[in-house]
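Report on the following structure.
Only the coordinates and a few stated rules stand behind these numbers; no lab work does. Please read these numbers as outputs of a predicted model, since none were measured by experiment. Backbone-built Cβ (ideal geometry, glycine too); neighbour counts: all protein chains shown.
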Amino acid sequence: MEDCIFCKIAKKEIESNLVYEDDMVVAFRDLSPQAPEHVLIVPKKHIASINDFTKDDRELMGHIMTEVLPEVAKSLNIAEGGYRVVINTGEDAQQTVKHLHVHLLGGRKMTWPPG
Ligand code: DGP
C-alpha cells in the first residue's frame, strides 16, 4: 500500500522508535503516547482492520498474541504490573490509521471503561 504510513514504517522508509522486529511484525513507540509505555505492534503485511482478516491471518495474529505481546511487555518491564491491549476498529472506535495495529499500553493504572 503506497500511501500507508505504517507500511512505510515497517519498510523503514519512515523513521520510528522501534522496540521489536521479526519477520512478521514491527513494534514501535506511539507518536502520541497515552501511557508511560505505549507501543504499536504492526503486521508487515497490510491488513486494514480486523474486518479484513482472512483465515490466512490466523498464524500472524496467534503469533502477535502468544509471542510478540508477552515478549514486548516483558522488555518494557510492564508484564508483571499489567497492561492493556487495544485494537481500534473502524469509525466508532476512532481507528485513524487504516493499517491494523495493536496498542500495548502500560506503566500506569488504567481506567475502565475507556472513553
Ligand atoms: P488508532 O486510533 O488506533 O488508529 O491509533 C493510531 C495511532 O498511531 C495513534 O495513537 C498515533 C499513532 N501514529 C500515527 N502516525 C504515526 C507515526 O507516523 N509514527 C508513530 N510512531 N505513531 C503514529
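Taking GluC sites (Glu not before Pro) across the range 17-105, the ones in a DSSP loop with at most 10 further Cβ atoms lying within 10 angstrom of their Cβ are GLU80, GLU91. Placing a pseudo-label 7 Å from each Cα along the Cα-to-Cβ vector at LYS45 and LYS11 gives an inter-label distance of 1.8 nm. Simple point charges give the picture: +1 on the Cβ of Lys and Arg, -1 on the Cβ of Asp and Glu, and for the range 57-115 a dipole about the Cα centre of about 260 debye.
If you count Lys pairs in the chain whose Cα atoms are under 26 Å apart, skipping same-chain pairs closer than 8 places in sequence, the total is 21. Computed from point charges on the beta carbon alone (+1 for Lys and Arg, -1 for Asp and Glu), the dipole magnitude for the chain about its Cα centre is near 280 Debye.
Only DSSP H runs of four or more residues enter the estimate; each adds -39500 (n - 2.57), and after division by the residues of the chain the mean residue ellipticity at 222 nm equals -4000 deg cm²/dmol. GLY115 sits among other residues whose Cβ lies under 15 Å from its own Cβ, and their net charge, with Lys and Arg +1 and Asp and Glu -1, is 0.
The Rg/Rh ratio for the chain, using Cα coordinates for both the radius of gyration and the Kirkwood hydrodynamic radius, is 0.94. First measure r as the distance between the Cβ atoms of GLU80 and ASP23, then evaluate 1/(1 + (r/R0)^6) with R0 = 25 Å and state the FRET efficiency to the nearest 0.05. Between GLU80 and ASP23 the formula returns 0.30.
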